[in-house]
1. With each label point set 7 Å from Cα along the Cα-Cβ vector, what nm distance links E152 and D70?
2. Can you find, among S99, L87, P170, the residue sitting farthest towards the positive end of the charge dipole of the stretch 33-176, where Lys and Arg contribute +1 and Asp and Glu -1 at Cβ?
3. Using a ≥ b ≥ c from the Cα gyration tensor of the stretch 33-176 (square roots of the eigenvalues), is it rounded, prolate or oblate, where a/c under 1.5 gives rounded and otherwise the larger of a/b and b/c decides, a/b for prolate?
4. Using 0.36 nm times the number of residues separating E127 and T95, minus their current alpha carbon distance, what extension gain do you get?
5. Please report the net charge: other residues with Cβ closer than 13 Å to the Cβ of N57, K and R +1, D and E -1.
6. Identify all aspartates and glutamates with a Cα-Cα distance to K89 below 14 Å; exclude those on the same chain that are fewer than 8 residues away in sequence.
7. In the stretch 41-125, what trypsin sites (Lys or Arg not before Pro) fall in a loop by DSSP, with at most 12 other Cβ atoms inside 10 Å?
8. Taking every DSSP beta bridge that has both residues in the stretch 33-176, what percent is antiparallel when rounded to the nearest 5?
Amino acid sequence: MSSRRSHSHRLTAVALIAMGTLAIPAPAFAHVSVDPKTVDPGGFAKVSLRVPNERDNASTVQVEVAFPKDHPLGHVSIEPVPGWSALVKKERLATPLKSGDEQITEAVTSIVWKGGQIGPGEFQEFEMSMGRLPETSARLAFMTIQTYSNREVVRWIEVPQSEGAEPEKPAPMLTVAPVTAKPAAVPAGSGSSTETDTSPASSGAGRSSVVVTEDAAARWLGGAGLFAGVIGIATAVLSRRSRASASYAGTPNASRVKVGP
């Protein structure tokens, strides 16, 4: 009987382990991406191209990013990365762009980083300053080609759609969002409510009613405490009188005591 129970316990333990193993989600592969993913329109932004190494038996030795042609960027500068050299490619625009008082006649088309290595389990960020960004909302695709030391080439060039599943090799996307008004800061100690009545009558009445309510509560509590104290004193006095009366009642009456034979 005991052997059957032991065998049953072992089967239960194996089943629980198997269920736990199935419940662990499969690790998701990292993609080449940009950080931040959203920037303000019309100006310049510092953007990092983040490149992870997804291979266990090879290192990333070259990264090439193509800049969007539908929104040309005339000014791009890069931050040097130790061990890597960068080649910035430009081309002349068929139609010059106007950026403030400046005419942009050429734009950056691509940047190639090579010479360094991103080993297994590592990532590298390539930082860029770019502008001017579009004045209105836009989604900019920075298609990237990643080359490994074993000559494998991964093309991150599929543009994700606003709706639907993410593609297998999505291109890094930068969203240019319109500037939105930020809510006014709430003074400390004013509460968490965001709705405020600005009319003079309501603002004055609101404050006075709160004060009156607090004063009334304080007075009521003070009166209740005083009343409780009076009740306590009266109870103590009555208790003492009761004990004295009981003691006197138990004493023999002198008029009833007979003196002499």
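1. In this crude label model, E152 to D70 measures out at 3.2 nm.
2. L87
3. On the way: a/c = 2.11, a/b = 1.51, b/c = 1.39.
It is prolate, given that a/c is not under 1.5 and a/b is the larger ratio.
4. Numbers: separation 32, 0.36 × 32 = 11.52 nm, distance 2.82 nm.
In short, 8.7 nm is gained.
5. That sum, taken over residues with Cβ under 13 Å, equals -1.
6. K89 reaches E64, E106.
7. Working: sites: K46, R50, R55, K69, K89, K90, R92, K98, K114; in loops: R55, K69.
Here the sparse-neighbourhood loop sites are K69.
8. Details: 45 of 48 bridges.
DSSP beta bridges in the stretch 33-176 are roughly 95 percent antiparallel.
FYI, it's all coordinate maths here, none of it is from the lab. Just so we're clear, the structure is a prediction, and the values are computed from it rather than from any experiment. With ideal geometry, Cβ positions are generated from the backbone for all residues, glycine too; neighbour counts draw on all protein chains shown.
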